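Enquirer: Sending over a structure as structure tokens; questions will come in a sec.
The values are calculated or read from the model by the stated rules, or taken from the named source; none is laboratory data. In this text the structure is predicted, and so the values were computed from the model without any measurement. Cβ placement follows ideal geometry from the backbone for every residue including glycine, while neighbour counts extend to all protein chains displayed. Just the protein is used for accessible areas: all its heavy atoms, side chains included, with ligands, DNA and RNA removed. Shrake-Rupley method; radii C 1.70, N 1.55, O 1.52, S 1.80 Å.
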Amino acid sequence: MKKGVVIGGGIAGLVSASILSAQGFEITLLERNEQLGGKLQDVRMGEYQFDFGPSMITMPWVFEQVYREAQCTLDPELRFQPLMINSRNFFLDSKYIDLTADPEYMAHQMGELCPEDRQSLVAYLHETKRMYEVVEEILLDHSSMEWKDFLNPSMTKALFSVHAFQTMDAFHKRYFEDSRLLAMMNRHATQIGSSPYQVPATMAFTAYLEMVQGVHYVEGGNYRLIEAFARLAEDSGVAICTQSGVEEVRIENGQVRGVRLENGDDISADFIISNVDVRTMQESLYPEKHRKTERAEPTVSSFLMLLGTDRKWPHLHHHNRFFPVDSGREYIDVFEQKKWSYSPMISICNSSYTEPERAKQGTGSNLSIMVHVPANRGNQRDESWFERYYQYRDELIYQLEGTWGLEGLEDSIEVQQLYGPKEIEAMSGAWQGSLYGPVLHGRKAFLRPSMKESRFQGLYYTGGSTHPTGGAPMAAISGMTVAKMVQQDAEHKMKVNV
């Protein structure tokens, strides 16, 4: 029986461990923290419960596929609730647009707010549906792409068909004149940590997932995904070890041999799957002679405020976005000037709208307020971060109260917690707090880090810093993909030995 170690108990790590264990591999999953989940965590403060990490859930059928791959039925405690409104989008003209998978409601809104773009939206959704089908076939089911793939005529033709050589912003301007629609559609770039002025239009396929397939919420909070996958892993025979940080990967004669833990223990293995950020792994956990430093730019990070308030605001929905008058300013600030923007799009996840009991016996709100900021480039002094967090917090609350109608927000706060790039890095091992590994600009959006280490045998990568990237369902796909790679390599080795 092949022995494997999975480093990191995020979604991709749990998925790959469960599937391989169900196929007869002996798997040990190591998690440095006390809780599984990586960037997806359950945070509780007094009477308030929050989701830290991905808030929007799309493609629920992906999670059902995980259970099929692991030869199990879907966990009955894992229930996906479709949201009638995917997101409520606010603008400075005191109007809002609800994005929804209901075509009649969308048509009604378009007729009232921007009738000139009504037919364009229909055409746009048809095109993004076609793009998704191509992406699903040529990208999502492949472990990675290399430069040589661009020389393949069929691949080049496919990439042209999904507008891979056009920016997302340019693509959207072909369809929409209304600045509000442009702002809403361009924000799909930030869901993979990039800018609409630099990321390929291909990534606009996520608009189809949200506006046609719809957005879901996991009953009880999105951390239920982690709890369900942990049960699946244990039922499949995975040995889960929390508070078990890895000190170093052991490599002998070009072959992975296991890992050395921070407590000094050794665990032998025939292969390792890393659900740790690729660059963190290569710079910190490889033996000294194998370590390398790549000159890559990290994707965007985030500043997150978890606020438990003793009141509600009638205009807030489950997912809310507040767009400044110049929605393009933020991308210039964050991606080009590498600074925290004071004109950001503010996202608020208010899951107590759907489940009131998550906030003070149903009378309060659990506001997860997030803006995108540059990853930590390591050039700020530690003492400056504490001051920056609270200055930025005060600025965002000032904007929410004075501009966006959340009157009395400051006075209503009963509990709060602030997170930035440094906390994200410490919590999940994400390189410099980057949400999605190396930057996704231009063709680099397709050339993600390989899911298999080329310099020695037996080391694989999975998760948000490799392929594919973009939230919980993509992490699950990544976990299934790497499990398939390990299985195929094991079968090939057996044939060679025979």
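Enquirer: How many residues does segment 10-30 hold that are more than 19 Å from the chain's Cα centre (by Cα) and not in a strand (DSSP E or B)? Explain how you work it out, then say what you get.
Expert: Step one: list which residues in segment 10-30 are more than 19 Å from the chain's Cα centre (by Cα), which gives 17-30.
With not in a strand (DSSP E or B) added as a condition, the list becomes 17-25.
So the answer is 9.
Enquirer: Have a look at Ser55, Ser94 and point out the one that is crowded, with 20+ Cβ neighbours inside 10 Å, of a type in the set (Ser, Thr, Tyr) and modelled with pLDDT under 95.
Expert: On the way: Ser94 fails: crowded, with 20+ Cβ neighbours inside 10 Å.
One residue alone meets the criteria, Ser55.
Enquirer: Which members of segment 108-121 meet the condition of being of a type outside the set (Ser, Thr, Tyr) and either in contact (Cβ under 8 Å) with a residue 12 or more places away in the chain or open to solvent by 90 Å² or more (accessible area, probe 1.4 Å) (or both)?
Expert: Kept after step one, since they are of a type outside the set (Ser, Thr, Tyr), are these residues of segment 108-121: 108-119, 121.
Residues satisfying the conditions are His108, Gln109, Glu112, Leu113, Cys114, Glu116, Asp117, Arg118, Gln119, Leu121.
Enquirer: On to the next question. Just for segment 250-268: of the residues that are small (Gly, Ala, Ser) and either within 31 Å of the chain's Cα centre (by Cα) or within 13 Å of Gly4 (Cβ to Cβ) (or both), which one is most open to solvent (accessible area, probe 1.4 Å)?
Expert: Of all residues in segment 250-268, those small (Gly, Ala, Ser) come to 254, 258, 264, 268.
With either within 31 Å of the chain's Cα centre (by Cα) or within 13 Å of Gly4 (Cβ to Cβ) (or both) added as a condition, the list becomes 258, 268.
Details: Gly258: 0, Ser268: 58 Å².
Residue satisfying both the conditions and the ranking: Ser268.
Enquirer: Same structure, new question: For segment 58-69, what are the residues that are open to solvent by 20 Å² or more (accessible area, probe 1.4 Å) and farther than 26 Å from Met211 by Cβ?
Expert: Of everything in segment 58-69, those that are open to solvent by 20 Å² or more (accessible area, probe 1.4 Å) and farther than 26 Å from Met211 by Cβ turn out to be Arg68, Glu69.
Enquirer: Next question, about the same structure. Looking only at segment 213-249, count every residue that is under 20 Å from the mean Cα position of the chain (by Cα) and part of a helix (DSSP H, G or I) and tell me the total. Give the derivation first.
Expert: At the first step, the residues of segment 213-249 found to be under 20 Å from the mean Cα position of the chain (by Cα) are 213-230.
From what is left, the residues that are part of a helix (DSSP H, G or I) are 213, 223-230.
Looking only at that region, the number is 9.
Enquirer: Please determine, by comparing only the residues of segment 374-391 that are open to solvent by less than 30 Å² (accessible area, probe 1.4 Å) and either farther than 19 Å from Phe50 by Cβ or of a type in the set (Asp, Glu) (or both), which one is modelled with the lowest pLDDT.
Expert: Going through segment 374-391, the residues open to solvent by less than 30 Å² (accessible area, probe 1.4 Å) turn out to be 374-376, 385, 389.
Applying the additional criterion that residues be either farther than 19 Å from Phe50 by Cβ or of a type in the set (Asp, Glu) (or both) yields 374-376, 385.
On the way: Pro374: 92, Ala375: 88, Asn376: 78, Trp385: 69.
Only one residue fits best here, namely Trp385.
Enquirer: So, of the residues in segment 276-297 that are in a loop (DSSP other than H, G, I, E, B), open to solvent by 30 Å² or more (accessible area, probe 1.4 Å) and under 21 Å from Lys452 (Cβ atoms), which turns out to be modelled with the lowest pLDDT?
Expert: Glu294
Enquirer: On to the next question. Going residue by residue through segment 170-183, is there one that turns out to be in contact (Cβ under 8 Å) with a residue 24 or more places away in the chain, open to solvent by less than 10 Å² (accessible area, probe 1.4 Å), part of a helix (DSSP H, G or I) and touching a strand residue (DSSP E or B) at 6+ places or on another chain (Cβ under 7 Å)?
Expert: No, segment 170-183 contains no residue that is in contact (Cβ under 8 Å) with a residue 24 or more places away in the chain, open to solvent by less than 10 Å² (accessible area, probe 1.4 Å), part of a helix (DSSP H, G or I) and touching a strand residue (DSSP E or B) at 6+ places or on another chain (Cβ under 7 Å).
Enquirer: Just checking, does segment 111-118 include any residue being touching a strand residue (DSSP E or B) at 6+ places or on another chain (Cβ under 9 Å) and more than 30 Å from Phe25 (Cβ to Cβ)? Lay out the reasoning, then the answer.
Expert: At the first step, the residues of segment 111-118 found to be touching a strand residue (DSSP E or B) at 6+ places or on another chain (Cβ under 9 Å) are 113-114.
With more than 30 Å from Phe25 (Cβ to Cβ) added as a condition, the list becomes 113-114.
So far as segment 111-118 goes, yes, one or more of its residues are touching a strand residue (DSSP E or B) at 6+ places or on another chain (Cβ under 9 Å) and more than 30 Å from Phe25 (Cβ to Cβ).
Residues are listed down the side, and each one gets a yes or a no for (1) farther than 30 Å from Phe80 by Cα; (2) surrounded by fewer than 17 Cβ atoms within 10 Å (Cβ to Cβ); (3) at pLDDT 95 or above:
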residue: Glu395; (1), (2), (3): yes, yes, yes
residue: Ile424; (1), (2), (3): no, no, no
residue: Leu435; (1), (2), (3): no, no, no
residue: Gly442; (1), (2), (3): yes, yes, no
residue: Thr462; (1), (2), (3): no, no, no
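Enquirer: Another question about this same structure. Go through segment 273-305 residue by residue and tally those that are under 18 Å from the mean Cα position of the chain (by Cα) and under 20 Å from Gln191 (Cα atoms).
Expert: Looking only at segment 273-305, we keep the residues that are under 18 Å from the mean Cα position of the chain (by Cα), and these are 274-280, 297-305.
From the residues that got through so far, the ones that are under 20 Å from Gln191 (Cα atoms) too are 275-278, 297-305.
Number satisfying all stated conditions: 13.
Enquirer: Residue pairs, Cβ under 6 Å, 6 or more apart or interchain, first in segment 76-100 and assigned to a strand (DSSP E or B), second of a type in the set (Val, Ile, Thr). List them.
Expert: Asn89/Ile97; Asp98/Ile85
Enquirer: May I pose another question? Can you tell me which residues in segment 400-422 are part of a helix (DSSP H, G or I) and open to solvent by 30 Å² or more (accessible area, probe 1.4 Å)?
Expert: First, pick out the residues of segment 400-422 that are part of a helix (DSSP H, G or I): 400-402, 409-412, 421-422.
Across segment 400-422, the qualifying residues are Glu401, Gly402, Glu410, Asp411, Lys422.
Enquirer: Can you go through Ser195, Ser154 and tell me which one is over 30 Å from Ile85 (Cα atoms) and either at pLDDT below 90 or surrounded by 20 or more Cβ atoms within 10 Å (Cβ to Cβ) (or both)?
Expert: Values: Ser195 fails: over 30 Å from Ile85 (Cα atoms).
None of the others qualify; the one that does is Ser154.
Enquirer: OK, next. Just give me the residues in segment 190-216 being out of contact with any Ser or Thr (no Cβ under 7 Å at 6 or more places or on another chain) and among the hydroxyl-bearing types (Ser, Thr, Tyr), in sequence order.
Expert: Thr190, Ser195, Thr202, Thr206
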